[in-house]
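Okay, structure first, notes after.
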Amino acid sequence: MILAIGKGQVALAEENDDNYYHQLVLIDDIWTNMTDGEIDYSYTGMALNEYDWWYVKDGVLDLSYTGLALNDYGWWYIKNGKLDLSYTGLALNEYGWWYMRNGLLDLSYTGLALNEYGWWYVKNGALDLSYTGMALNEYGWWYIKNGALDLSYTGLAQNEYGLWYMKNGALDLTYTGTVKNENGTFKVVKGHVE
């Protein structure tokens, strides 16, 4: 049930069969949280009205909030107070950086993801700062150090297909020659160690 309450008047706006725990109701032109049929100014989280899911802080709709929020269906990306199902990328909450796909936390994703700080390695939906090695995205193979794309790296790196020559953080398939590192001298042909 969704209620509209204003200037001392209470009216039933819509009757439905959904039993949502947190609903937004309009009270004196302010969207306010109702928990189990009671106005609840202590609640912070997601609430539903007839338009969409929204972010509520201290019981009131918060249109300034952008970030992650949790409801019974998972972690969601909120932009300007409203659920944003169009968002795909990294988002931050108190537990770290997470990969969101179509607005929902995607714990199945492993790969590279971009945020305002650069490209990062994500494993099982979470930013993995322990990862050093090669990673693939739509632009090619890259060298990742401590979870971040390292464009300063030139040298050898390994993936499941072998040992490769990286230049300025990117796989260089044009290089043919030798490469020396702490493990010896290696012959490289078209970027691949022979």
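The values are calculated or read from the model by the stated rules, or taken from the named source; none is laboratory data. As the structure is a prediction and not an experimental result, all values here were calculated from the model. Cβ atoms come from the backbone with ideal geometry, glycine included; neighbour counts cover every protein chain shown. Note: areas computed on protein heavy atoms with side chains; ligands, DNA, RNA excluded. Shrake-Rupley method; radii C 1.70, N 1.55, O 1.52, S 1.80 Å.
Identify the residue in the stretch 7-40 that is in contact with an Asp or Glu (Cβ under 7 Å, 6 or more places away or on another chain) and surrounded by 13 or more Cβ atoms within 10 Å (Cβ to Cβ) and, among all such residues, is modelled with the lowest pLDDT. For the stretch 7-40, the residue satisfying everything is Tyr21. Being closer than 25 Å to Val189 by Cβ and not in a strand (DSSP E or B) is the requirement here; does Tyr131 meet it? No: the conditions fail for Tyr131. When you look at Tyr43, is it modelled with pLDDT of 90 or more, farther than 12 Å from Gly103 by Cβ, touching a Phe, Trp or Tyr at 6+ places or on another chain (Cβ under 6 Å) and not small (Gly, Ala, Ser), yes or no? Spelling it out, it is not the case that Tyr43 is modelled with pLDDT of 90 or more, farther than 12 Å from Gly103 by Cβ, touching a Phe, Trp or Tyr at 6+ places or on another chain (Cβ under 6 Å) and not small (Gly, Ala, Ser).
Exactly one residue among Gly147, Gly103 is modelled with pLDDT of 95 or more, more than 14 Å from the chain's Cα centre (by Cα) and more than 27 Å from Gly184 (Cβ to Cβ), and that residue is Gly147. May I ask you to list the residues in the stretch 147-172 that are open to solvent by 90 Å² or more (accessible area, probe 1.4 Å) and either touching a strand residue (DSSP E or B) at 6+ places or on another chain (Cβ under 8 Å) or under 26 Å from Gly125 (Cβ atoms) (or both)? Listed by number, the residues that qualify are Leu151, Gln158, Glu160, Tyr161.
Across the stretch 140-190, the number of residues qualifying as not in a loop (DSSP other than H, G, I, E, B) and not β-branched (Val, Ile, Thr) comes to 26.
Looking at this structure, is Leu136 outside any strand (DSSP E or B) and within 31 Å of the chain's Cα centre (by Cα)? So Leu136 fails the test. When Ala113 is tested against (1) at pLDDT below 95; (2) of a type in the set (Gly, Ala, Ser); (3) over 30 Å from Leu26 (Cα atoms), just one condition goes unmet, and that condition is (1).
Exactly one residue among Asp150, Asp106, Asp128 is of a type in the set (Asp, Glu) and over 22 Å from Trp75 (Cβ atoms), and that residue is Asp150.
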